[in-house]
Amino acid sequence: MANIVYLSVYPNPSGGNFTIKGENEGEYYLMNEEGKLVMSFNLNADNHYTKEIQNLAAATYIVVGQNKYGISKQKVIVSK
C-alpha cells in the first residue's frame, strides 16, 4: 500500500492565523496568489510536524510541501 502525503491546514478560511500540520518530515513553502514565496519552513520531530502562521494579509495562499512520500498542496484563504 502506497503512503500518502498528509497535510492539514486549519482553520481554513482564517483571519490571518492558522496552523499547518503534517505527519512526516519535509520542506514546505507558503506562496501567494502570484506564486511568490512568502515563507519557507521545515516540519520535523523538533516542531512536532506543526507550524503556526500568524498575521497574514487577506489573500489566497498555497502551502506546498515535499517529503519522501511526494508533494502536497493546500489552498488557504485569509479574509479579514
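The values are calculated or read from the model by the stated rules, or taken from the named source; none is laboratory data. For clarity, every value in this text was computed on a predicted model and none was experimentally measured. When we count neighbours, we look across all protein chains shown, and the Cβ atoms used for this are built from the backbone with ideal geometry, even at glycine. Surface areas here come from the heavy atoms of the whole protein model, side chains and all, with no ligands, DNA or RNA. Shrake-Rupley method; radii C 1.70, N 1.55, O 1.52, S 1.80 Å.
Working only within the stretch 21-32, note down all residues that are open to solvent by 20 Å² or more (accessible area, probe 1.4 Å) and among the hydroxyl-bearing types (Ser, Thr, Tyr).
Listed by number, the list holds a single entry, Tyr29.
Okay, residues lined up against (1) crowded, with 16+ Cβ neighbours inside 10 Å; (2) of a type in the set (A, V, I, L, M); (3) part of a strand (DSSP E or B); (4) within 9 Å of the chain's Cα centre (by Cα):
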{"site": "Val9", "(1), (2), (3), (4)": "yes, yes, yes, yes"}
{"site": "Gly16", "(1), (2), (3), (4)": "no, no, no, no"}
{"site": "Thr19", "(1), (2), (3), (4)": "no, no, yes, yes"}
{"site": "Glu34", "(1), (2), (3), (4)": "no, no, no, no"}
{"site": "Met39", "(1), (2), (3), (4)": "no, yes, yes, no"}
{"site": "Lys51", "(1), (2), (3), (4)": "yes, no, yes, yes"}
{"site": "Thr60", "(1), (2), (3), (4)": "no, no, yes, no"}
{"site": "Gly65", "(1), (2), (3), (4)": "yes, no, yes, yes"}
{"site": "Val76", "(1), (2), (3), (4)": "yes, yes, yes, yes"}
